[in-house]
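The block underneath contains the structure these notes are about, expressed in structure tokens.
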Number of protein chains: 2
Amino acid sequence: MAKHQVLVGGQWRDADSDAWFQASDPAAGDVLPDHYPVSRWSDCEEALNAAVDAFRVMQTMPREQISLFLEAFADRLEGCSEEICEMAHRETALPVPTRLAGGELPRTCGQLRQAAEACRTSSWAQPTIDTATNIRSCLAGMGPVAVFGPNNFPLAFGSISGGDFAAAIAAGNPVIAKANSMHPGTTRILAREAKLAADETGMPPAIVQMVYRIDHADGERLARDPRLAAIGYTGARSAGLKLKGAADAVGKPIYLELSSVNPTIILPGALAERASDIASEFTGSCLMGTGQFCTNPGLVILCRGPQMDSFVESLVTQFEAAPVGTLFSRSGQEGLAAAVQTLVAAGAEVLCGGQPGGGEGFSYGNTLLRVTAEHFLAAPEALQTEAFGNASLLVIADSVDQAIDVVSHIEGNLTGCIYSDTQGGDDVAYDRMAPVLRQKVGRLLNDKMPTGVAVSPAMNHGGPFPATGHPSVTAVGMPGAVIRFGMLQCYDNVRPERLPDLLRDENPTRVWRSVDGVWTQAPVPPKSTE
Amino acid sequence: MAKHQVLVGGQWRDADSDAWFQASDPAAGDVLPDHYPVSRWSDCEEALNAAVDAFRVMQTMPREQISLFLEAFADRLEGCSEEICEMAHRETALPVPTRLAGGELPRTCGQLRQAAEACRTSSWAQPTIDTATNIRSCLAGMGPVAVFGPNNFPLAFGSISGGDFAAAIAAGNPVIAKANSMHPGTTRILAREAKLAADETGMPPAIVQMVYRIDHADGERLARDPRLAAIGYTGARSAGLKLKGAADAVGKPIYLELSSVNPTIILPGALAERASDIASEFTGSCLMGTGQFCTNPGLVILCRGPQMDSFVESLVTQFEAAPVGTLFSRSGQEGLAAAVQTLVAAGAEVLCGGQPGGGEGFSYGNTLLRVTAEHFLAAPEALQTEAFGNASLLVIADSVDQAIDVVSHIEGNLTGCIYSDTQGGDDVAYDRMAPVLRQKVGRLLNDKMPTGVAVSPAMNHGGPFPATGHPSVTAVGMPGAVIRFGMLQCYDNVRPERLPDLLRDENPTRVWRSVDGVWTQAPVPPKSTE
């Protein structure tokens, strides 16, 4: 039977493979007809060698040219938007108009263009010049990067189109992409367009390479391989931690985005003031995309009080009334069921949902669970199990003090949110709670659900472990995301004509640089002849 | 027998300890009389709890106050310079006038003051404001930091006075210091002064804490403990990798500086032009401080040619003529002997030295070894064994091509240096070799030995693994070193009065911020009311 080809060394060719897999049509609950190869190590071996060659070429390439590639790629994606979105819809069941064509594709193209701009202006490279010692440094490309994309954003986090890909390329590194097994057809189209854009703009053939699947042992072997400089991984915690173990053992940077329950605290005054608005916001945020967001509000902390019971009742009513969406896969449905079971075993009570089915194809009822803060504090680890999908756990505290205690037991998360009233009634509680929550999350929100992740230079889509692998970097937002894929290169007494142009006195392209502690776009003035 | 006290929770008190150790007087080759405790876990436990409390206080403390502490500490160190240098000399045999009082103490105080300035101006925090989305972010303190200092810089890299210490404090974190066992008396004085400076400037009692020694299992337990936010470690590779393993397993940032042979390539034209100058520079750099520098030129690559034999002869003559310095310890002497043995077993030939003794106390003859590039390429790992001390390995290549091949087999290093002639004769060779070397090292030098590490904002005292744990950060130079100990904190829709002052529109202290992609010290202008 015919299997799709992999993109290795600038060529679409048959994989070295006996095994194959098929993707699913989640809405039909059925497999799709196409066969995709599971590559043997030899495909990785060839990709690594080709990537090393590509990196060598990219090191001396004008930044402008790499920017043009990213922009050409974005243009091409827009040019075949219909084909991409149709395939992505078939493989993920995500809606085309409201999500794929209406949101994710434009976001993906915008992100590629922002990465192009970061590359062009070197805004990510943080050039630093110390004229007194004539020591100069900047970030620069580090070598081939492997990207493993998640199932939930086939385009915006896709291994050959998303943030990690764009960032790695903008830093001057070739990418070896591992397609997510849930949307190989989408990834194939993206890879096809990336390859065409690369050819058009004169990139080395192996700037983008793609395999569909490798077994776990080869994944770890890839992570350990000295030809690979870094890894970007977004996905399940268990597989991510295995890759991390392999990379850590050889001191290789790996950027992970693993899991997050995104604690959302609704203070009593906010509930008294606008319970109904908050209920709608929460329901919308939690059920959108069948809740399959890394920033889904999966843990809501409430304080007992007059409005609480009716608020919870209204959430249940809304969850029951809302249509049940389709999940990405059978394993997603099973994973959600298992997580709900873990939460129940740890003492949570199912308020609604809690059963598979109810929607088209792979699905699980819109689920709310409830547990007392006392119970939570007795089993904080189990009760932070991520239920990836349309489910959320309400934690009911007896007091603000107890709610703060709950927050202090929360592990690292991408986001944390506090709703408070607008008249100052919650301010004392906010001021006590915010510092505790602040240290646990990458992004702190006020009065806003966390599911929107703007591609902003000020964004932190990151946070302390286990949400990510390092609390000081972001996976979304340029130039921040690019910084992750650079190594710091210092030049000490290096002759002027041998410096990279970023660090020469002249600064013809007016890059922002820190010169003797001052940020400036100006050239370094000639030394006075004292 | 009386043991010295540890500094825990703001108090000097007896350690919870049965075991003890003594430091050595390296010049006498003998143990010093004082007894220092090996702490049990309970001392760490108490220190961790106290550090968590101290961090809570530091989070709301004005930056200015933390800066004043660092400056008061620097002033105090200068005030008892004589006592510190005398003790450090006794424990390390490093000379007082030319090294400790004349170099390392001023460097240490300067570094503390640069960290104070980075803290005061928030130059490390990279505040970023996106006015379109009202998303704002900056780096901020992450929590208690443990610092493990090396044996070779008792002050400038000392666990309670050096770069990691200063950087962690400047980022707003309390420090738990583990004294290096080779200079506990020096560390005790430094801790005493740090504690007094902390009291004087109103710091929380546990901003600085110090234990002398803990066993390896407790070190790893400390690394894993959730109360600890990060670790700074400079020292032996084996112990560092154990700590790294423990920290990695729980996703905790650990900054390591492990080992480096600092490849130094002397191109044929440079040798033809100025062999005698280069020989003197190299000998000075390699034997200074008995070669016990992390940036010691331990691997020299030469090309066969008319000048080469006489150059090597002159190095041997100079190495033999130079006085043999004292090493830090018996284990240092044994480690150097073992490394030389490893190099010889891998095919290197001893040109001079290669035997213990010859100097005062712990010592080992000034040692030069030689190996052909062919041999090197057959056993590149063994022939990159770091011989920490007054020893260096010459690698003799048949051609520039072969020399480049050698460079391509070098693992991650702190520095790499190329000497070339001044008339352009080596330019072709340089242009081919530099890109290969560039990716292997944190700092690339021209025509200059690597042993001087300026405390410059443009410095990279770092490099790819195994030189350090991450290729994108520096351990020396402010504000770069501070960045390592911050977490990225994003604020999304957070009410203005709840923002940290760094991120408010007003910017009264004129911090450098990136506002909508422009670096500026200006306030954010009020929004026009469209």
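Annotation note: of A:420, A:456, A:514, the sole residue that is among the hydroxyl-bearing types (Ser, Thr, Tyr), farther than 26 Å from residue B:481 by Cβ and not assigned by TED's automatic domain parsing to the domain that holds residue A:268 is A:456. Tell me, please, whether a residue that is more than 14 Å from chain A (Cβ to nearest Cβ), under 24 Å from residue B:438 (Cβ atoms) and touching a Gly at 6+ places or on another chain (Cβ under 7 Å) can be found in the stretch B:252-262. The answer is yes; a qualifying residue exists. Step by step: first the residues of the stretch B:500-530, then only those that are aliphatic (A, V, I, L, M) and facing chain A (nearest Cβ under 10 Å), then the one that is nearest to residue B:163 (Cα to Cα). Which residue is that? Once the filter is applied, the top-ranked residue is B:503. Among the conditions (1) outside any helix (DSSP H, G or I); (2) farther than 24 Å from residue B:174 by Cα, the only one that residue B:37 does not satisfy is (2). The set of residues from the stretch B:50-79 being surrounded by fewer than 16 Cβ atoms within 10 Å (Cβ to Cβ), more than 14 Å from every other protein chain (Cβ to nearest Cβ) and not acidic (Asp, Glu) comprises B:62, B:65, B:79. Do we find a residue being within 10 Å of chain B (Cβ to nearest Cβ) and at pLDDT 95 or above anywhere in the stretch A:403-411? Among the residues of the stretch A:403-411, at least one is within 10 Å of chain B (Cβ to nearest Cβ) and at pLDDT 95 or above, which makes the answer yes.
Within the set A:302, A:256, the sole residue that is closer than 30 Å to residue A:486 by Cβ and assigned to a strand (DSSP E or B) turns out to be A:256.
Of all the residues in the stretch B:92-119, those that are without any contact (Cβ under 8 Å) to a residue 60 or more places away in the chain and of a type in the set (D, E, K, R) number 2. Considered as a group, the residues in the stretch B:374-389 that are assigned to a loop (DSSP other than H, G, I, E, B) and touching a helix residue (DSSP H, G or I) at 6+ places or on another chain (Cβ under 7 Å) include one that is surrounded by the fewest Cβ atoms within 10 Å (Cβ to Cβ), and that residue is B:385. The single residue among B:156, B:167, B:125 that is in contact (Cβ under 8 Å) with a residue 60 or more places away in the chain and either more than 16 Å from residue B:519 (Cα to Cα) or surrounded by fewer than 24 Cβ atoms within 10 Å (Cβ to Cβ) (or both) turns out to be B:167.
Looking across the stretch A:498-515, the residues that are surrounded by 14 or more Cβ atoms within 10 Å (Cβ to Cβ) and either on the phi > 0 side of the Ramachandran plot or in contact with a Cys (Cβ under 8 Å, 6 or more places away or on another chain) (or both) come down to A:500, A:502, A:503, A:507. Only one of the numbered conditions (1) among the aliphatic types (A, V, I, L, M); (2) assigned to a loop (DSSP other than H, G, I, E, B); (3) more than 9 Å from chain A (Cβ to nearest Cβ) is violated by residue B:473, and that is (3).
When residue A:24 is tested against (1) more than 24 Å from residue A:117 (Cβ to Cβ); (2) more than 24 Å from the chain's Cα centre (by Cα), exactly one condition is not met: (2).
Kindly evaluate residue B:457 against the criterion of being facing another protein chain (nearest Cβ under 7 Å) and crowded, with 24+ Cβ neighbours inside 10 Å. Spelling it out, residue B:457 is indeed facing another protein chain (nearest Cβ under 7 Å) and crowded, with 24+ Cβ neighbours inside 10 Å. Return yes or no: is residue A:424 in a loop (DSSP other than H, G, I, E, B) and farther than 29 Å from residue A:338 by Cα? It is true that residue A:424 is in a loop (DSSP other than H, G, I, E, B) and farther than 29 Å from residue A:338 by Cα. Taking the conditions (1) under 30 Å from residue B:22 (Cβ atoms); (2) crowded, with 23+ Cβ neighbours inside 10 Å; (3) not assigned by TED's automatic domain parsing to the domain that holds residue B:174 in turn, residue B:210 satisfies each one other than (3). The number of residues in the stretch B:190-202 being touching a helix residue (DSSP H, G or I) at 6+ places or on another chain (Cβ under 6 Å) and either among the hydrophobic types (A, V, I, L, M, F, W, C) or buried (at least 22 other Cβ atoms within 10 Å of the Cβ) (or both) comes to 4. Considering the stretch B:263-288, the residues that are out of contact with any Leu (no Cβ under 8 Å at 6 or more places or on another chain) and among the polar types (S, T, N, Q) include one that is farthest from residue B:311 (Cα to Cα), namely B:285. Does the stretch A:386-400 contain any residue that is without any contact (Cβ under 8 Å) to a residue 60 or more places away in the chain and outside the structural domain of residue A:239 (by TED's automatic domain parsing)? No, every residue in the stretch A:386-400 fails to be without any contact (Cβ under 8 Å) to a residue 60 or more places away in the chain and outside the structural domain of residue A:239 (by TED's automatic domain parsing). Report yes if residue A:141 is more than 15 Å from the chain's Cα centre (by Cα), touching a residue at least 60 places away in the same chain (Cβ under 8 Å) and not assigned by TED's automatic domain parsing to the domain that holds residue A:295, otherwise no. Yes: the conditions hold for residue A:141. Scanning the stretch B:476-499 for residues that are facing chain A (nearest Cβ under 7 Å) and part of a loop (DSSP other than H, G, I, E, B), we see that the one that is farthest from residue B:450 (Cα to Cα) is B:495.
Being part of a loop (DSSP other than H, G, I, E, B), farther than 26 Å from residue A:108 by Cα and among the polar types (S, T, N, Q) is a condition met by at least one residue of the stretch A:433-441.
Quick one: is residue A:348 small (Gly, Ala, Ser), closer than 27 Å to residue A:181 by Cβ and in contact with a strand residue (DSSP E or B) (Cβ under 8 Å, 6 or more places away or on another chain)? No; evaluated as a whole, the condition is false for this residue.
Of A:264, A:295, A:187, all but one fail to be among the polar types (S, T, N, Q), surrounded by 18 or more Cβ atoms within 10 Å (Cβ to Cβ) and in a helix (DSSP H, G or I); the exception is A:187.
Find the residue count for the stretch A:480-530, including only residues that are among the basic types (Lys, Arg) and modelled with pLDDT under 95. Total satisfying the criteria: 1. Can you spot a residue in the stretch A:481-497 that is small (Gly, Ala, Ser) and more than 30 Å from residue A:301 (Cα to Cα)? Taking every residue of the stretch A:481-497 in turn, at least one turns out to be small (Gly, Ala, Ser) and more than 30 Å from residue A:301 (Cα to Cα).
Residues of the stretch A:421-444 include at least one that is β-branched (Val, Ile, Thr), under 21 Å from residue B:250 (Cα atoms) and modelled with pLDDT of 95 or more. Of the residues that sit in the stretch B:423-447 and are facing chain A (nearest Cβ under 9 Å) and in contact (Cβ under 8 Å) with a residue 60 or more places away in the chain, which one is surrounded by the fewest Cβ atoms within 10 Å (Cβ to Cβ)? Checked the stretch B:423-447; the qualifying residue surrounded by the fewest Cβ atoms within 10 Å (Cβ to Cβ) is B:447.
Of all positions in the stretch A:77-87, at least one carries a residue that is touching a Cys at 6+ places or on another chain (Cβ under 7 Å), at pLDDT 95 or above and not hydrophobic (A, V, I, L, M, F, W, C).
The values are calculated or read from the model by the stated rules, or taken from the named source; none is laboratory data. Treat the numbers as computed from the prediction; the structure is a model and nothing was measured. So basically every Cβ, Gly included, is an ideal-geometry build from the backbone, and we count neighbours across all protein chains shown.
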